[in-house]
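The values are calculated or read from the model by the stated rules, or taken from the named source; none is laboratory data. Being a predicted model, the structure only gives us computed values, none of them experimental. Backbone-built Cβ (ideal geometry, glycine too); neighbour counts: all protein chains shown.
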Amino acid sequence: MLPNLENIEVEKINVRQSDNKNDKRTLNVDMNPMVDLAFLLLTFFMLATTFSKPQAMELLIPAKPKDELAEKEMAVKESKTLSIALQKDQVQWYRGITEPKAEIIKYEDLESLLSTINNNTEGLVVLIKPLGSSKYSNLVDVLDALNYSNIQRYPISDLSEFDESLELNSRSDE
């Protein structure tokens, strides 16, 4: 058991007898060892830890081609083109550019049509022409159908006069 604190005698060491109680002792603390220790710890933690690397997405952008190597516009035969005009609930498609005859098909049947035409035509180019009434989801459906049909060349192109007349005809039908 511990002895009672009142029974413990404490001897005072190095006590100066002073008449003035306001007289205080000056302390000289050597700070050099503490500064040395702080720098040693700082150095240790800097070497022992790994700095976090900045996380950035890597973008691979093709180099700008020289003017003489720039891709030139390639002529495509009319017999190898298929134009698809996207509307709200249906697709109007036609072959060729001069005197086209548009036919209407649903989005669900587009993949089988594209597969058939791609098997019969070598080097098929499909021109995708979204009309004003089409939605973004229609374009995604057409791109999926082109991918499943293994068609490699399909630009999104501007509307021709014939395509604009298709849009006017579809509006008058509604």
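Take Tyr148 and decide whether it is among the aromatic types (Phe, Trp, Tyr), exposed (fewer than 12 other Cβ atoms within 10 Å of the Cβ) and within 36 Å of the chain's Cα centre (by Cα). So that I can check it myself, show each step before the final result.
On the way: among the aromatic types (Phe, Trp, Tyr): yes; exposed (fewer than 12 other Cβ atoms within 10 Å of the Cβ): no; within 36 Å of the chain's Cα centre (by Cα): yes.
No: the conditions fail for Tyr148.
Taking (1) surrounded by 12 or more Cβ atoms within 10 Å (Cβ to Cβ); (2) out of contact with any strand residue (DSSP E or B) (no Cβ under 7 Å at 6 or more places or on another chain) in turn, Glu99 satisfies each apart from (1). Selection within region 84-96: residues that are crowded, with 20+ Cβ neighbours inside 10 Å, within 31 Å of the chain's Cα centre (by Cα) and not β-branched (Val, Ile, Thr). The member of this set that is nearest to Val142 (Cα to Cα) is Leu86.
If only residues of region 40-83 that are over 28 Å from the mean Cα position of the chain (by Cα) and of a type in the set (Gly, Ala, Ser) are counted, the one that is modelled with the lowest pLDDT is Ala75.
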